[in-house]
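Chemist: So that we are looking at the same thing, I have put the structure below in structure tokens.
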Amino acid sequence: MSDATVDPRFRRKPPKRPLRLSWADERIRGIVWQILVVGVVGTIFYWLWSNTAHNLEVRRIATGFGFLNREAGLPIAEHVISYEPTDTYLRALTVGVLNTLKVSIVGIVLATILGTTIGIARLSKNFLVSKIASFYVEVIRDLPLLLQLLFWYTVMQGLPGPRQAFHPTEGVFLSNRGLRFPALEWEGAHTAAVVAFIAGIVLTWLYGRSARAKQMADGQPRRVWPAAIALIAGLPVVVWLAMGAPWTIEWPALRGFNFRGGANVSPEFAALLIGLVTYTAGFIAEVVRAGILAVNQGQWEAAQALGLRHGSVLRLIVLPQALRVIIPPLTSNYLSLAKNSSLAVAIGYQDIVSIANTTLNQTGQAIEGIAIIMAVYLTISLSISLFMNWYNARIALVER
Amino acid sequence: MSDITLNAAAANPEATPRNPPVATTGPIAWVRENLFSGWLSTAVTLLLGYLIIRSVVGFVDWAFINAIWSVPVVNGVAQTQSCRELHGAGACWAVVTEKHRFMLFGTYPYDEHWRPAIVCVLFVALYIVSAMRRFWNWTLIPIWAVMLTLIGILMWGGVFGLSYVPQERWGGLPITLILATFGLAFAFPLSILVALGRRSNLPAIKVLCVLYVELIRGVPLISLLFMASVMFPLFLPEGMNIDKLLRAQIAIILFAGAYLAEVVRGGLQALPKGQYEAADAMGLTYWQKTGLIILPQALRLVIPPLVNTFIGFFKDTSLVLIIGIFDLLTAGKTAIVEPAWQGFGVEVYVFVGLIYLVFCFAMSKYSQALETDLNRHSRR
């Protein structure tokens, strides 16, 4: 069946037939269909566009993004960067985007951990563990996320007020105003220490890579962990000490009707995070389970024949292979978590949808407001899928 | 034979009788194998068993033993002091007893509630009929047409002596079922066309379909619903207006269409290439090939993921709450706005959640049964 046996005359492309102006010609039919479909879609869009332009003119709504530089005047309770109601709409929307990113990133990390645990638990040999895990998955997946969010928010609001707050240990208060806990007073030295920590990880990675390259060259194994500890743990401490070792803890205390000082997790954020994490974990658990089941039974048996324990089999043999099956559906679950965080608007967490919605109500700039929401989510979706495609390509099985 | 045994016993008279082998069948063996197979397993079983018993006892206490099932109503205002005195130790099911009609049917005229009730039954009957493989042929189309007409007559009224009920007064479960059913009924054909378009050789059509699918899938449903509620009026010529429910319905159809299209495309891609080539070799036209050879096989391949997507959309219809359409969840949320019932959200959401759970659980069990049924040929 190799190329040599094929008569070279058949390997030539068929000669290009001249176009015949007839319905019987496939290419003519294709061109007509395309013109027709594009024409219809184009007409519909043109009609919608001209209506919109006319309506905007009649209602005297100025289009454009000029409103972004006006003073917003909308209060935002939670902000990662500093924000005052006197700031511009642009800054308000940026705060919204950062809030969306905050809940999405924390949610993705927690949902992955919880989902993987539950997925593995579903395959446990212990009857009770696997049944509880499947019960969780069945129930969580069959309830609307919005319902779950409202439920958690109601539970949060049902907590006692600040004066009767749960007070498990010194400085920790759980009330309907959220979770208060002591916080470090943040100073420049801490930022420097975090930077040093990240630098330490990068340096360790580089060092490990060169150590492995040297081992490949001469066969001598090299110890990486002393350098790793020195770089990852030692470097930040040294930096922090060099900058004067500031260490002031801010303790929360009840003043009047609310708490002062310390850090706070708002009930809105907590409800949204709990809802998103528990819901997405149900889906991730199924993905993980399917991925593990997709690994050939022979791999399990071979690993057991080598004398590995159950945990080691899972960690060294099965999970790395299962990851290839898991990554693509996991990506779409991450994407849906990021998109589902838009439900925050229903429970009053001020994410980008909520702030853009307030903005469009205040300014009347409906088209711009919705365009901003869509642009933000398209950017997030595309970045996650680009990153995951890159990662997927990296771990893909190299085949001939 | 008996000699040999006797001799063997005689040769070693002091042999202690050995224990019988450990049972590998029966309930005790099952418990040992599945609950106490090692010290870790035993510890986990005991811990989980304790937690389960604690939480089940706690739940039964809350939901049944300490619960209050009804409260007196004075001058149309429910007296909920007895519920409040529980301080969360027991459920206040009185809110469900009192408000279930409102949660299920919204602001539909009270005396006419039998009409939306029949509508819900009709919807369920329609789902059951559509789920039976015996009806998977052209008869399904007239069945759907008749059912949907009946549902329309019952909801609107105005004929056969039924009083007219404007659409603004509809609410509750019928709205959820209408949004889900019509959404899927229109999104499914749309998704097939889009999936075919995405696999087409015609570049312009392919680009349009790819753009549609990727743009819709990249944004959350809420942004489309906002678009339907805020931006859509700007799209239409002056004086022409479409009501809010229909606008949300269009948004849901467009959204569901994009997701279903990807599922259908999966089926089209999974079909062996030989099927396409054989159909071409028979001289079938594109639509004959698609309708007679490709789609019947491709759709069968993707029925389980299709049902899973349906479940997703059934749940997603609850998002219309955010633009203020009166579906089941909105009705539940509105029921506890009344001062007397404030603070009993948990009970209401448990009730509403149970309704969603029944529908979704039925669909998911059906999907699993169907999957085993359809894969019978490949099972060994």
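Since every read-out is calculated from the coordinates, none of them should be taken as a lab result. Note that the coordinates shown come from a computational prediction; the quantities given were computed from them, not determined experimentally. Neighbour counts are summed over all protein chains in view; Cβ atoms, including those assigned to glycine, are modelled from backbone coordinates with ideal geometry.
Chemist: Lys and Arg at +1, Asp and Glu at -1: add these up for the other residues within a Cβ distance under 15 Å of B:V348 and post the number. Present the calculation step by step, with values, prior to reporting the outcome.
Modeler: Working: positive: B:K99, B:R101, B:K333; negative: B:E98, B:D327, B:E338, B:E347.
My count for the surroundings of B:V348 gives -1.
Chemist: Can you tell me the FRET efficiency between A:H167 and A:E187 if r is taken as the Cβ-Cβ distance and R0 is 35 Å, rounded to the nearest 0.05? Walk me through the intermediate numbers first.
Modeler: On the way: r = 28 Å, r/R0 = 0.81.
Efficiency for this residue pair is about 0.80.
Chemist: Just from its helices, what would the mean residue ellipticity at 222 nm be for chain B, if runs of 4 or more DSSP H residues each count -39500 (n - 2.57) and the sum is divided by every residue, rounded to the nearest 500 deg cm²/dmol?
Modeler: -20500 deg cm²/dmol
Chemist: Given Cβ point charges of +1 (Lys, Arg) and -1 (Asp, Glu) and nothing else, what value in debye, to the nearest 20, does the dipole of the stretch B:174-325 about its Cα centre take? Please list the in-between numbers first.
Modeler: On the way: 11 positive and 7 negative charges, 53 e Å.
In total the dipole reaches around 260 debye.
Chemist: Can you compute the helix-only [θ] at 222 nm over chain A? Use -39500 (n - 2.57) per DSSP H run of at least 4 residues, normalise by all residues, nearest 500 deg cm²/dmol. Mind dumping the intermediate values first?
Modeler: On the way: 13 runs with 244 residues, N = 400.
One gets -21000 deg cm²/dmol as the mean residue ellipticity at 222 nm.
Chemist: Please report the base-10 log of the normalised intensity I(q)/I(0) for the protein assembly as shown, using a Debye sum with one equal scatterer per alpha carbon and no solvent, at each q in 0.06, 0.08, 0.12 (1/Å).
Modeler: Debye intensities relative to I(0), on a log10 scale: -0.52, -0.90, -1.78.
Chemist: Put +1 on the Cβ of each Lys and Arg and -1 on the Cβ of each Asp and Glu in the stretch A:18-127; which of A:G30, A:I113, A:T100 then has its Cα farthest toward the positive end of the dipole?
Modeler: A:G30
Chemist: What net charge do the residues around B:L254 carry, taking every other residue with its C-beta under 13 Å from that of B:L254, with Lys and Arg at +1 and Asp and Glu at -1?
Modeler: Once positives and negatives cancel, what remains is +1.
Chemist: Could I ask something else about it? For A:A211 and A:L308 in one chain, what is 0.36 nm times their gap in residues minus the Cα-Cα distance, to one decimal in nm? All intermediate terms of the calculation are to be shown ahead of the outcome.
Modeler: Working: separation 97, 0.36 × 97 = 34.92 nm, distance 2.70 nm.
32.2 nm is the gain from fully extending A:A211 to A:L308.
Chemist: Name the chymotrypsin sites (Phe, Trp or Tyr not before Pro) in the stretch B:29-79 that are in a loop by DSSP and that have at most 12 other C-beta atoms within 10 Å, would you? Don't jump to the answer; show the numbers that get you there.
Modeler: On the way: sites: B:W30, B:F36, B:W39, B:Y50, B:F59, B:W62, B:F64, B:W69; in loops: B:F36, B:W69.
When the chymotrypsin sites (Phe, Trp or Tyr not before Pro) of the stretch B:29-79 are filtered for loop state and at most 12 Cβ neighbours within 10 Å, B:W69 remain.
Chemist: What per residue convex hull volume, in Å³, comes out for the stretch B:109-170 when only alpha-carbon positions are used?
Modeler: Numbers: hull volume 5.0 nm³, N = 62.
Output value, Cα hull per residue: 80 Å³.
Chemist: Please list the helices of chain A that count as membrane-span-like by this rule: a mean Kyte-Doolittle hydropathy of at least -1.0 together with Cα atoms stretching 27 Å or more along the helix axis, each helix being a complete DSSP H run.
Modeler: Numbers: long enough: A:26-58 (48 Å, 0.67); A:89-122 (48 Å, 1.41); A:188-218 (44 Å, 0.63); A:267-294 (40 Å, 1.45); A:319-340 (29 Å, 0.39); A:366-395 (44 Å, 1.30).
Sorted by number, the helices that extend far enough and score high enough are A:26-58, A:89-122, A:188-218, A:267-294, A:319-340, A:366-395.
Chemist: Follow-up. For the cross-link pairs A:K102/A:K131; A:K131/B:K315; B:K244/B:K315; B:K315/B:K365; B:K206/B:K244, which exceed 28 Å when the distance is taken from alpha carbon to alpha carbon?
Modeler: Working: A:K102/A:K131 33 Å; A:K131/B:K315 24 Å; B:K244/B:K315 20 Å; B:K315/B:K365 16 Å; B:K206/B:K244 32 Å.
Flagged as over cut-off: A:K102/A:K131; B:K206/B:K244.
Chemist: Still on this structure, please answer the following. Take chain A, connect every pair of alpha-carbon atoms lying under 10 Å apart with a spring to form a Gaussian network, then pick out the residue of A:V80, A:V58, A:V129 with the largest mean-square fluctuation.
Modeler: Comparing A:V80, A:V58, A:V129 in a Gaussian network model of chain A, the most mobile one is A:V58.
Chemist: With every atom except the alpha carbons ignored, what do you get for Rg and Dmax of the stretch B:174-325, in angstroms?
Modeler: For the stretch B:174-325, the Cα-based Rg and Dmax read 17.4, 55 Å.
Chemist: Let me ask something else about it. Please work out the Cα convex hull volume for the stretch B:23-63 and give it in Å³ per residue. Show your work: numbers first, answer last.
Modeler: Values: hull volume 2.5 nm³, N = 41.
It comes to 62 Å³ per residue, whole-number rounded.
Chemist: Let me ask you something else. How large is the Kirkwood hydrodynamic radius of chain B, in angstrom, based on all distinct alpha carbon pairs?
Modeler: On the way: mean 1/r = 0.0386 Å⁻¹.
After inverting the mean inverse Cα-Cα distance, the result is 25.9 Å.
Chemist: Under 8 Å for C-alpha pairs, at least 6 residues apart: give me the relative contact order for the stretch B:174-325, rounded to a whole percent.
Modeler: 34 percent
Chemist: Here's a follow-up. Name every cysteine in the protein assembly as shown that ends up alone, with no second cysteine's Cβ under 4.7 Å, or say none.
Modeler: If one checks each Cβ against the other cysteines of the protein assembly as shown, B:C120, B:C209, B:C360 turn up with nothing under 4.7 Å.
Chemist: Where nothing but the Cβ of Lys and Arg (+1) and of Asp and Glu (-1) is charged, how large is the charge dipole of the protein assembly as shown around its Cα centre, in debye to the nearest 20? Mind showing how you got there, number by number?
Modeler: On the way: 61 positive and 43 negative charges, 496 e Å.
The calculated dipole for the protein assembly as shown is roughly 2380 debye.
Chemist: Using mean Cβ contacts within 10 Å as the protection proxy, how do B:203-209, A:362-368 order, highest first? Provide the component values of the computation, followed by the final result.
Modeler: Working: B:203-209: 17.3, A:362-368: 18.9.
The densest-packed peptide leads the list: A:362-368, B:203-209.
Chemist: How would you classify the stretch A:126-221 from its alpha-carbon gyration tensor, with a ≥ b ≥ c the square roots of the eigenvalues: rounded for a/c under 1.5, else prolate if a/b is greater than b/c, otherwise oblate?
Modeler: Numbers: a/c = 3.34, a/b = 1.51, b/c = 2.21.
Oblate shape, in that a/c is at least 1.5 and b/c is the bigger or equal ratio.
Chemist: How many percent of DSSP beta bridges within the protein assembly as shown run antiparallel, rounded to 5?
Modeler: Working: 15 of 17 bridges.
For the protein assembly as shown, the DSSP antiparallel bridge percentage is about 90.
Chemist: Okay, moving on. Highest mean first, how do A:110-117, B:292-299 rank when packing is the count of other Cβ atoms within 10 Å averaged over residues? Write down the numbers at each step before the final one.
Modeler: Values: A:110-117: 19.1, B:292-299: 16.4.
Highest-to-lowest ranking by the protection proxy: A:110-117, B:292-299.
Chemist: Using only alpha carbon pairs under 8 Å that are at least six residues apart, calculate the relative contact order of chain A and give it in whole percent. Present the calculation step by step, with values, prior to reporting the outcome.
Modeler: Working: 442 pairs, mean separation 79.9, N = 400.
About 20 percent, as a whole number.
Chemist: Give me the inter-chain shielding for B:227-235: mean count of other chain Cβ atoms within 10 Å, whole number please.
Modeler: Details: counts 6, 0, 1, 8, 8, 2, 4, 11, 8.
Across the residues of B:227-235, the mean count of other-chain Cβ atoms within 10 Å is 5.
Chemist: Below 17 Å, Cα to Cα, which aspartates and glutamates can B:K289 reach? Residues fewer than 8 away in the same chain don't count.
Modeler: A:E26, B:E277, B:D280
Chemist: Comparing A:P236, A:P85, A:P252, which has the greatest mean-square fluctuation in the GNM of chain A with Cα pairs linked when under 10 Å apart?
Modeler: A:P236
Chemist: Among B:A195, B:A278, B:V230, which residue has its Cα furthest toward the positive end of the charge dipole of the stretch B:174-325, with +1 on Lys/Arg Cβ and -1 on Asp/Glu Cβ?
Modeler: B:A278
Chemist: Within 10 Å of each Cβ of B:209-222, how many other protein chain Cβ atoms are there on average?
Modeler: Average per residue, whole number: 5.
Chemist: Of the listed peptides B:369-377, B:317-325, A:293-301, what is their order by residue-averaged count of other C-beta atoms within 10 Å, with the highest listed first?
Modeler: Details: B:369-377: 10.8, B:317-325: 22.8, A:293-301: 12.7.
Ranking, from highest mean packing down: B:317-325, A:293-301, B:369-377.
Chemist: Still on this structure, please answer the following. Taking B:K99 as the anchor, which lysines have their alpha carbon closer than 21 Å to its alpha carbon, excluding any fewer than eight residues away along the same chain?
Modeler: Excluding near neighbours in sequence, the set is B:K333.
Chemist: Next up: Return the Rg/Rh value of chain A, two decimal places, where both radii are evaluated on C-alpha atoms and Rh is the Kirkwood radius. Could you put the intermediate results ahead of the total?
Modeler: On the way: Rg = 28.9 Å, Rh = 27.1 Å.
Taking Rh as the inverse mean 1/r over Cα pairs, Rg/Rh reads 1.07.
Chemist: When every alpha-carbon pair in the stretch A:291-400 is counted, what percent end up more than 22 Å apart?
Modeler: Details: 3257 of 5995 pairs.
Considering the stretch A:291-400, 54 percent of its Cα-Cα pairs are separated by more than 22 Å.
Chemist: Also, quick follow-up: Which distance in Å, rounded to a whole number, links the C-alpha centroids of the stretch A:102-181 and the stretch A:201-220?
Modeler: Measuring centre to centre over Cα atoms gives 41 Å.
Chemist: Then there is this: Count neighbours as other Cβ atoms within 10 Å of each site's Cβ, and list the chymotrypsin sites (Phe, Trp or Tyr not before Pro) in the stretch A:236-285 that are DSSP loop with at most 11 such neighbours. Show your work: numbers first, answer last.
Modeler: Working: sites: A:W240, A:W247, A:F257, A:F259, A:F269, A:Y279, A:F283; in loops: A:W247, A:F257.
Here the sparse-neighbourhood loop sites are A:W247, A:F257.
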